[in-house]
Amino acid sequence: MRNDLIIDCFAGGGGASVGIEMALGRPVDIAINHDPDAILMHKTNHPDTLHLTEDIFKVNLKKYVKGQHVALMWASPDCTSHSKAKGGKPREKGLRILPWAVYKHAKAILPDVILMENVEEIQQWGPLDEKGYPIPEKKGEDYKKFITAMKSLGYRFGSRELIAADYGAPTTRKRWYAVFRRDGKEIRWPEQTHSADGIGFEKWKSCGDYIDWSDLGGSIFDRKKPLAEATQKRIANGIKKYIIDAESPYIVKNKDALAYIIQYHGETRAGDSRGQLLTEPIKTIDTSNRYGLVTAFITKYYKTGIGQGCEEPLHTITTSPGHFGSVSAFLIKYYGAGCGQQLDKPLGTITTKDRFGLVNVVLDINGEKYIISDIFLRMLKPEELKVMQGFPKDYIIDRDYNWKKYPIAKQVARIGNSVVPIMAKKLVEANCLYLKTGERMPNMSIDDSDVQLKFA
């Protein structure tokens, strides 16, 4: 039986590689990446793979293939110079030509199947002007040239834009996927298994299922250094949007709390909050940690002893726990409406939903009335982002194979740069299941508490 090689170009920390391993039960044979840090993380999880820390254009794959048959090659060229997230900044020409490295290696080693992943804007790939901006009237020219060049090597071609959440990943990351094959077999696409509404499919996975609820962070009112004004506004806007106005806010079980996720991105309009409910898959994870978990603690609302008129000075609060008064002032600051809502004026008791006042806001949850007594905030952890990206729980991201610890920023960067493993798994299963040799074995780790090996 011939030795069919599998190669992962632009391997990064191993998103595609672990997806391939999940599908076929075997590691990739060769992984290529120019970033030593990415290779170190990849090597930690794929020790049997040949790792090449080289420029993708300069590496000579023929030298390492040594005449063996290449059955599958995965390629995920850097997408930042194509993505709409780049905004109005000039594009990097050197990154935009990376797909041509795929053509170079395809021509040299002729893999049976090539799977590619990129942002959907890759289809608009075209020349840049002298300042580095895409030329509108030449949009898509380079993309068409690349596809034509690949077809000239004998490859059939198909592409689709797929949302990872539709295939069981807890993220709505949308990407362009392409299949090139020259072995005479049909191009196949994985069958959708999930949908946003759950009609005809399983419902999209909730990212709240992947949160470590034992750690809710700390009160925004106890910080030594106050939160930035923009962050405070973002939290207040989010509380209104995802808790007060939400038909079904996310209830943290056994915590007497409601929670949502905020994004540390600029809002598109005043008063808005970029974030989401925890009942949804997480939105696209990028290379910096821009997701925060906001938890609003609630307590039962009792009318006795705290009512007052709008014209009266503020009564002494004697029945409210925690940071009750601070919460009121915080929300009033950003959402003052009605009588007595300015901080330098008397405050009134406002007890109707969508109104802020002395008693903050009154929420009706399962027939019981509650008020918000405190607000906690923390950033999402790399381990949480990892599983939301679709990595297996045992995948190691906090250290390299020499047990050197990775800083959090590098962990997040590897995750944000990665292919969604579940998508790699699904595409490989659809097109190359004949390469399967077994089942993926989880990583092992040492539990220092009892000095025993166990699954990570």
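For Asp222 and Lys405, what is the calculated FRET efficiency with R₀ set at 41 Å and r taken between the beta-carbons, to the nearest 0.05?
0.90
Measuring r between the beta carbons of Lys104 and Asp183 and using R0 = 22 Å, the FRET efficiency lands at 0.60. Sequentially through region 65-76, phi angles give Karplus couplings (6.51, -1.76, 1.60; θ = phi - 60°) of 5, 6, x, 6, 7, 9, 8, 8, 10, 9, 9, 10 Hz, Gly and Pro residues having no value and appearing as x.
What separates the Cα centres of region 381-412 and region 123-196 is a distance of 28 Å. Extension gain for Asn254 to Lys58 (0.36 nm times residue separation, less C-alpha to C-alpha distance): 64.9 nm. One decimal place: the segment Asp398-Asn3 gains 138.9 nm when fully extended, by the rule 0.36 nm per residue minus the C-alpha distance. Counting beta carbons within 10 Å around each of His323, His34 and listing the fewest first gives the order His34, His323.
So which of Lys240/Lys425; Lys203/Lys426; Lys255/Lys386 end up more than 27 Å apart by C-alpha? The pairs that break the limit, which is 27 Å between Cα atoms, are Lys240/Lys425.
Here the label points at Glu141 and Ile199, each 7 Å from Cα along the C-beta direction, are separated by 4.4 nm in the simple model. Listed peptides 252-260, 134-142 appear in the order 252-260, 134-142 once ranked by packing, highest mean of other Cβ atoms within 10 Å at the front. Among the listed pairs Lys205/Lys393; Lys104/Lys283; Lys225/Lys253; Lys43/Lys404, those whose Cα-Cα separation exceeds 23 Å are Lys104/Lys283; Lys225/Lys253. At full extension, Glu229 and Ser206 could sit 5.3 nm farther apart than now, given 0.36 nm per residue minus the alpha carbon distance. Taking the fewest neighbouring Cβ atoms within 10 Å as the starting point, the ordered list for Val65, Val119 is Val65, Val119.
No lab work stands behind these numbers, since they all come straight from the coordinates. What you see is a predicted model; the values in this text were computed from it and never measured. Please note: Cβ atoms are built from the backbone with ideal geometry, for glycine as well, and neighbour counts cover all protein chains shown.
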